[in-house]
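Below is one structure, written out as structure tokens; the observations come after it.
The values are calculated or read from the model by the stated rules, or taken from the named source; none is laboratory data. Quantities reported herein were computed from a predicted structural model and do not represent experimental measurements. Note that we place each Cβ from the backbone using ideal geometry, even for glycine, and neighbour counts take in every protein chain shown.
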């Protein structure tokens, strides 16, 4: 029975936490470069309409980031609490990159994001841009170190066993691990497609209603068009490059178990739900990327429809509606043409989750391939405690994820005027028009 | 091996992150606990959240870093902490999640019911965090939690220290543009909380030699720290206002962290050289950026924002 098996519960809980976390992380990584670029151009030109765009996408970024942090905290702590067997043996190798991540990436990212949120009216535009630059760089730094850790599980390298504990012997091997480097590039390019198609979907929604006075959404489609021509190819390339280590024994194989023991463990551990999940993940991922690979490069076809300049041919074919028409809905057929973009983000999200399920189930029954089984990695816990923890965190995560997505949809639909970072009008906030200096009583 | 006799740089780093967390997050967790007491009107509650909001992100990263250091550099210690405190840590995590969710979501829906729900999450989460920290400190000072007076009194003391830190912080930060009622309430609370905390500290020290109490590796360090704590609290209980309590409450809440670090005899040795060199060589170049961010944020938000921000 599933509910009485702490191992099954702990595994399900971690899978659920990681999947939820990645849904939000992917959008964080995907939106950050676009916001950074837009804010850079806005600062360079002193362009108000681009700054509105930064406030709009930045609002969505923050709502999404909140849930990314919440799930990330739970994930880090859960790794320590429920899977202490990994740390016991592989703390110095597997968790060392995570230690670096928490200090050099997350610590800095969260602090500078606070500076960015509270610095809108308190610092110069270049200082404010610098804050977001640091946020973007550390977001990618975070992804890098996490994938160094994750790659180690798949392809453990660079250590020797001393009294049953793995001691790092070659840090270079750890950071040049092909299972980490290609996974990082694969994940990063995949996240960029998530970002590009979310931008495309939100932009299409507003363009279909003819709401684009500031050009925010025309630029969104343009960004997405460029990204979707380049990124799917890279994603598929870096994904394929990872297959080189499939079926290959890690170089450290044999340090913990002999070849016969490994064969016995692998023979007894396969099958069931994990195999089904593995196959499903594989199929979903491959199908979604194939669709994006072939259809992504079609997005530039939207550009002439949205061009602000209406040339001779445009007029003759009834294409480009021209700038004056962006305050009312475009022609019906343009609305229909934009409709597929509305649902397009489903593809990269499905592909990402499918890809992670495939990657993580692929190394079962091992948690560290050829060294530690998932069952041995778990903290001993009572079924009741495991069930209580599983129930609470699953429920809490479901509620929080639903709330976050509801908010994201709502803010995306409201547009640049209604976002959480939108400039407050004086009449909307009665307290803001009387800026009295705070009085300290002490 | 304890930190005072062999302070390896990595062990000091871990202690720094834990103590930094207690001092910085103590302020916003403590104020979250006191919200029902210091804020009565919707605007006052908004101001409490607005005071917490600039700091909670920048202070919880200290704990995340501590967990990272513990996992990557002291796996033996982590194993011990998890084995001893699994239920406490799960509850701590649940409280943390609840509290942060309340803070992130509060300003997102503009109805009194939603704000009430989020405020409840913030208050309940803050209390859960403080109580879990009390239990964690007690569990680390003794050999695991036992049903005896010391863990209970130790928990009460730690909870009081969190509340005191929050009151001192609130007395400074809750000054509104037109009135300072909640700041005054918080300022008055520092005195009574300090007295109560002093009583709890003395009771904890008296309970220590009995069964279920701690067995410090260095009695001298433990006594010195307890005396410093009592002195800081005595100083706070004689004064009102945030001027001194800001510093004394920070010193007071650092003591439980320092006590655990120096007298609990936690296993913080055996870090292999290669891992240490690897982590430190990645960490050192980033230290200036970490400091810049923290100092910049605290300086920039010295004056509370007058208008609405992302969080409140």
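Could you grab me the full set of residues in the range B:37-55 that are closer than 18 Å to residue B:168 by Cβ, out of contact with any helix residue (DSSP H, G or I) (no Cβ under 6 Å at 6 or more places or on another chain) and more than 14 Å from chain A (Cβ to nearest Cβ)? Hit for the range B:37-55 is B:37, nothing else. Farther than 21 Å from residue A:112 by Cα and assigned to a helix (DSSP H, G or I): does that describe residue A:65? Spelling it out, it is not the case that residue A:65 is farther than 21 Å from residue A:112 by Cα and assigned to a helix (DSSP H, G or I). Would you confirm, using the coordinates I've provided, whether residue A:9 is in contact with a helix residue (DSSP H, G or I) (Cβ under 8 Å, 6 or more places away or on another chain), closer than 25 Å to residue B:310 by Cβ and assigned to a helix (DSSP H, G or I)? Taking the combined requirement at face value, the residue does not satisfy it. Listed here are the helices (runs of 4 or more DSSP H) enclosed by the range B:203-312 that have at least 3 residues being more than 14 Å from every other protein chain (Cβ to nearest Cβ): B:219-237, B:242-263.
Looking across B:137, B:88, B:123, one residue alone is within 11 Å of chain A (Cβ to nearest Cβ), touching a residue at least 40 places away in the same chain (Cβ under 8 Å) and within 18 Å of the chain's Cα centre (by Cα). It is B:88.
For residues that are farther than 20 Å from residue A:352 by Cβ and out of contact with any helix residue (DSSP H, G or I) (no Cβ under 6 Å at 6 or more places or on another chain), tally how many sit in the range A:216-255. So that I can check it myself, show each step before the final result.
Here is the first cut: in the range A:216-255, the ones farther than 20 Å from residue A:352 by Cβ are A:216-222, A:225-226, A:244-245, A:247-255.
With the extra rule that they be out of contact with any helix residue (DSSP H, G or I) (no Cβ under 6 Å at 6 or more places or on another chain), the set shrinks to A:219, A:222, A:226, A:244, A:247-255.
Going through the range A:216-255 one residue at a time, the tally reaches 13.
Kindly establish whether residue B:107 is within 9 Å of chain A (Cβ to nearest Cβ) and surrounded by 23 or more Cβ atoms within 10 Å (Cβ to Cβ). Against the criterion (within 9 Å of chain A (Cβ to nearest Cβ) and surrounded by 23 or more Cβ atoms within 10 Å (Cβ to Cβ)), residue B:107 does not qualify. Somewhere in the range A:178-185, is a residue in contact with a strand residue (DSSP E or B) (Cβ under 7 Å, 6 or more places away or on another chain) and without any contact (Cβ under 8 Å) to a residue 60 or more places away in the chain? Checked against the condition, which is being in contact with a strand residue (DSSP E or B) (Cβ under 7 Å, 6 or more places away or on another chain) and without any contact (Cβ under 8 Å) to a residue 60 or more places away in the chain, the range A:178-185 yields no hits at all. Taken over the range A:70-86, residues that are facing chain B (nearest Cβ under 7 Å) and touching a residue at least 24 places away in the same chain (Cβ under 8 Å) amount to 5.
Exactly one residue out of A:111, A:102, A:89 is within 10 Å of chain B (Cβ to nearest Cβ), touching a strand residue (DSSP E or B) at 6+ places or on another chain (Cβ under 9 Å) and surrounded by 20 or more Cβ atoms within 10 Å (Cβ to Cβ): that is A:89. Of all the criteria given as (1) away from chain B (no Cβ under 11 Å); (2) modelled with pLDDT under 90; (3) part of a helix (DSSP H, G or I), the one not satisfied by residue A:392 is (1).
Of A:61, A:65, A:22, A:34, all but one fail to be touching a residue at least 12 places away in the same chain (Cβ under 8 Å) and farther than 28 Å from residue B:99 by Cα; the exception is A:34. Only a single criterion out of (1) assigned to a helix (DSSP H, G or I); (2) surrounded by fewer than 23 Cβ atoms within 10 Å (Cβ to Cβ) is not satisfied by residue B:167, namely (2). Residues considered: A:202, A:188. Of these, the only one that is under 23 Å from residue A:344 (Cβ atoms), out of contact with any strand residue (DSSP E or B) (no Cβ under 8 Å at 6 or more places or on another chain), surrounded by 23 or more Cβ atoms within 10 Å (Cβ to Cβ) and away from chain B (no Cβ under 14 Å) is A:202. Looking at the range A:288-310 only, could you name the residues that are closer than 24 Å to residue A:211 by Cα, surrounded by 12 or more Cβ atoms within 10 Å (Cβ to Cβ) and modelled with pLDDT of 60 or more? Answer for the range A:288-310, where residues must be closer than 24 Å to residue A:211 by Cα, surrounded by 12 or more Cβ atoms within 10 Å (Cβ to Cβ) and modelled with pLDDT of 60 or more: A:298, A:299, A:300, A:302, A:303, A:304, A:305, A:306, A:307, A:308. All conditions but one from (1) more than 9 Å from every other protein chain (Cβ to nearest Cβ); (2) surrounded by 20 or more Cβ atoms within 10 Å (Cβ to Cβ); (3) more than 27 Å from residue A:190 (Cα to Cα); (4) at pLDDT 90 or above apply to residue A:126; the one that does not is (2).
Residues in the range B:184-215 that are in contact (Cβ under 8 Å) with a residue 60 or more places away in the chain and buried (at least 17 other Cβ atoms within 10 Å of the Cβ): B:185, B:186, B:189, B:212, B:213, B:214.
With respect to the conditions (1) exposed (fewer than 14 other Cβ atoms within 10 Å of the Cβ); (2) farther than 26 Å from residue B:148 by Cβ; (3) in contact (Cβ under 8 Å) with a residue 60 or more places away in the chain, residue B:284 lacks only one, and its number is (3). Confirm whether residue B:130 is more than 10 Å from chain A (Cβ to nearest Cβ), without any contact (Cβ under 8 Å) to a residue 40 or more places away in the chain and under 18 Å from the mean Cα position of the chain (by Cα). So residue B:130 fails the test.
In summary, residue A:373 fulfils each of the numbered conditions (1) buried (at least 21 other Cβ atoms within 10 Å of the Cβ); (2) in contact with a strand residue (DSSP E or B) (Cβ under 7 Å, 6 or more places away or on another chain) with the single exception of condition (1). Taking the conditions (1) surrounded by 24 or more Cβ atoms within 10 Å (Cβ to Cβ); (2) more than 7 Å from chain B (Cβ to nearest Cβ); (3) in contact (Cβ under 8 Å) with a residue 60 or more places away in the chain in turn, residue A:54 satisfies each one other than (3).
Would it be correct to say that residue A:264 is surrounded by fewer than 18 Cβ atoms within 10 Å (Cβ to Cβ) and touching a strand residue (DSSP E or B) at 6+ places or on another chain (Cβ under 9 Å)?
On the way: surrounded by fewer than 18 Cβ atoms within 10 Å (Cβ to Cβ): yes; touching a strand residue (DSSP E or B) at 6+ places or on another chain (Cβ under 9 Å): no.
Answer is no for this residue.
Tell me, yes or no, whether the range A:403-412 has at least one residue that is under 21 Å from the mean Cα position of the chain (by Cα), more than 9 Å from every other protein chain (Cβ to nearest Cβ), crowded, with 18+ Cβ neighbours inside 10 Å and at pLDDT 80 or above. Yes, the conditions are met somewhere in the range A:403-412. Out of A:227, A:231, one residue alone is assigned to a helix (DSSP H, G or I) and closer than 20 Å to residue A:50 by Cβ. It is A:227. Looking at B:117, B:97, just one residue is modelled with pLDDT of 90 or more, over 21 Å from residue B:173 (Cα atoms) and at the interface with chain A (Cβ under 9 Å from one of its Cβ atoms), and that residue is B:97.
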